[in-house]
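Q: Quick one: this structure, given as structure tokens, is what I'll be asking you about.
Read-outs throughout are calculated quantities, based only on the coordinates presented, and are distinct from any laboratory measurement. Model, not experiment: these values are computed from the prediction. Glycine gets a Cβ as well: all are built from the backbone with ideal geometry, and neighbour counts include every protein chain shown.
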Amino acid sequence: MGDVQAWLVKARALLESNQVNVAPYRYTRPAPSRYEHQWLWDSCFHAIIYRHFDPRMACDELLSVVAKQVQSGPDAGMIPHMTYWRGGGGELWGDDTRSIITQPPLIAIAAQRVYEKHPDNAFLARLYPSICAYHQWFDRRRDTDNDDLVCIIHPWESGWDASPRWDRPMGLSENPSDEEAREARKNLVAILRQYDNDPQRLMDNGYFCVESADFNAIRAADLESLGWMAETLGKTDESSQWRQKARRVQEAIRQKMTFGERVYDLAGPDETAIAEPTAGEFVTLFGGVPSAETAQALVERLQLPANWPRFPVPTSPTTASLFRGNRYWRGNVWLNVNWLIWSGLRRYGYYQLAQMLTERSLALVELSGWHEYFHPDTGEGYGSFPHSWSALVLDMLIVDT
Ligand code: GLC
């Protein structure tokens, strides 16, 4: 295994090089130039990394991410997936300071992990009402059919922007070009604005509306952590309500999305299962979703060469017809996805496999540096550089050791 101290020094230098001070706030940009602004799930991952060497910054990162939480209107409570601290969002979103969509909710999870290293009840108390409002917003606004599964209304909300699993629900052609898909994602923002972000109306008119298994699994884990936060703050009743909600989400994923050994995303009003296989299924382990039996089947599948090549885990299996190891989200390795799968493996007791994933992830960074994403066969790095969340390998290494 790697040398913890050496990795810590490298990870720290990376995050510090991407730190931005916008007094009284501080955040970490995902990468220079291409990603100058603040992104929601990136910041949650950054906090998890910072906890190992700068817990104050970990707290600041999470406090800045909720600063532009929506305060009024039908989306009150939503935490935006992007905060534009220096402005610039106006043209696309109609709001200069923030986007109008969200991203996978990991904020209570991040707060809990930070607290493990740096117990600070005042910090939890500051964050708690925001996270409560966020999850209430999900239930009120994004669960149109009251089945405990929330929907996403743009591929950007999944965090997996260009995954082949979104091609069909986006109405794209078979194996679309990057250009076509990018254009469609941009155009969808104008449509969201036209429909006031209303999932029901968007769905009724045939636009992208997907109940994603991994998104909901992450939400279940976040609800569990919110339950833990409430308990730590002495709010026993609220704690049991959040935990109950987490169990209902897990149960809904088992009941409605799991067929045999596979877990599916559901698209549109008919909740059509999206057949395209991706590593999103493995992320359901993170949310404590699969039964022990399904988990075993998932873990066996994870170890097949198509999912476990030289550098696991490709976001699409290397045998899938739409797999492209060098194209954005169409089969590359992303270290935040590895972190989620690694956490899930540990949750289900697959410690050895988790450790192997850590080793391969460290080897990948050693070979290619702090890239945004990587080819699963060659390890070649692509995208922005240096990319902050790739330092999640530090958390994996420290927790494993
Ligand atoms: C890309 C990724 C998204 C991430 C953002 C910033 O858009 O698809 O998941 O949050 O970059 O790193």
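Q: Under a Cβ-Cβ cut-off of 13 Å, what is the net charge of the residues other than Asn187 that fall near it, where Lys and Arg count +1 and Asp and Glu count -1? Write out the running numbers ahead of the final one.
A: Numbers: positive: Arg182, Arg185, Lys186, Arg193; negative: Glu179, Glu180, Glu183.
The answer is +1.
Q: On to the next question. HN-Hα J couplings of segment 86-91 from phi, Karplus 6.51/-1.76/1.60, θ = phi - 60°, integer Hz, Gly and Pro as x?
A: Using θ = phi - 60°, the values come out as 10, x, x, x, x, 4 Hz.
Q: If you look at just the Cα atoms of the chain, how large are its Rg and its Dmax in Å?
A: Cα radius of gyration and Dmax of the chain are 19.5, 54 Å respectively.
Q: Give the Debye-formula value of log10 I(q)/I(0) at each listed q (0.20, 0.21, 0.24 Å⁻¹), with one equal scatterer per alpha carbon of segment 171-259, two decimals each.
A: -0.95, -0.98, -1.05
Q: How charged is the neighbourhood of Val299? Take every other residue with its Cβ under 14 Å from the Cβ of Val299, and add Lys/Arg as +1 and Asp/Glu as -1. Mind showing how you got there, number by number?
A: Details: positive: Arg262, Arg301, Arg346, Arg347; negative: Glu261, Glu281, Glu293, Glu300.
So the surrounding residues net to 0.
Q: What's the local net charge at Tyr27, with K and R +1, D and E -1, over the other residues with C-beta under 15 Å away?
A: 0
Q: Calculate, for Arg56 and Gln244, the FRET efficiency according to 1/(1 + (r/R0)^6) with r their C-beta to C-beta distance and R0 56 Å; round to the nearest 0.05. Intermediate results must be reported in sequence, preceding the final value.
A: Details: r = 34 Å, r/R0 = 0.60.
That gives a FRET efficiency of 0.95.
Q: Would you calculate the volume per residue, in Å³, of the smallest convex hull containing every Cα atom of segment 90-167? Spell out each step's value before the answer.
A: On the way: hull volume 11.6 nm³, N = 78.
Convex hull of Cα atoms, per residue: 149 Å³.
Q: Next up: Please state the charge dipole magnitude for the chain, taken about the Cα centre, from unit charges on C-beta atoms (+1 on K and R, -1 on D and E), reported in debye and rounded to the nearest 20.
A: Numbers: 40 positive and 52 negative charges, 138 e Å.
That gives a dipole near 660 debye.
Q: Could you tell me the number of lysine pairs in the chain with C-alpha atoms less than 27 Å from each other, where the two lysines are 8 or more residues apart or belong to different chains?
A: Final tally of qualifying lysine pairs is 9.
Q: While we're looking at this one, here's another question. Return the distance in nm (one decimal) between the two label points of a simple spin-label model at Gln200 and Arg310, each offset 7 Å from Cα along Cα→Cβ.
A: That separation, rounded to one decimal, is 5.3 nm.
Q: At a 10 Å Cβ-Cβ cut-off, how would you order Ser321, Ser225, Ser64, fewest neighbours first? All intermediate terms of the calculation are to be shown ahead of the outcome.
A: Details: Ser321 9, Ser225 23, Ser64 20.
Ranking Ser321, Ser225, Ser64 by Cβ neighbours within 10 Å, fewest first, gives Ser321, Ser64, Ser225.
Q: Something else: Can you give the calculated 222 nm mean residue ellipticity of the chain, where each DSSP H run of n ≥ 4 adds -39,500 (n - 2.57) and the sum is split over every residue, rounded to the nearest 500 deg cm²/dmol? Let's see the in-between values first.
A: On the way: 16 runs with 192 residues, N = 401.
That comes out to -15000 deg cm²/dmol.
Q: So, one more: For Asp147 and Glu179, what is the calculated FRET efficiency with R₀ set at 30 Å and r taken between the beta-carbons, to the nearest 0.05? Before the final figure, lay out the partial values.
A: Working: r = 36 Å, r/R0 = 1.20.
Here the calculated transfer efficiency is 0.25.
Q: So what's the gap between the Cα centers of segment 13-83 and segment 126-180, to the nearest angstrom?
A: Result: 20 Å between the Cα centres.
Q: Sort 259-265, 368-374 by packing, meaning the average of other beta carbons within 10 Å per residue, with the highest value first.
A: Numbers: 259-265: 17.1, 368-374: 22.6.
Packing order, densest peptide first, comes out as 368-374, 259-265.
Q: How many nm separate the modelled label positions at Asp3 and Asp377, each set 7 Å beyond the Cα in the direction of the Cβ?
A: A separation of 3.4 nm, rounded to one decimal place.
Q: Just to be sure I understand the curve: with the Debye formula and one point per C-alpha of segment 272-401, what is log10 I(q)/I(0) at q = 0.12, 0.13, 0.19, 0.20 Å⁻¹?
A: So the normalised log intensities work out to -0.40, -0.48, -1.03, -1.14.
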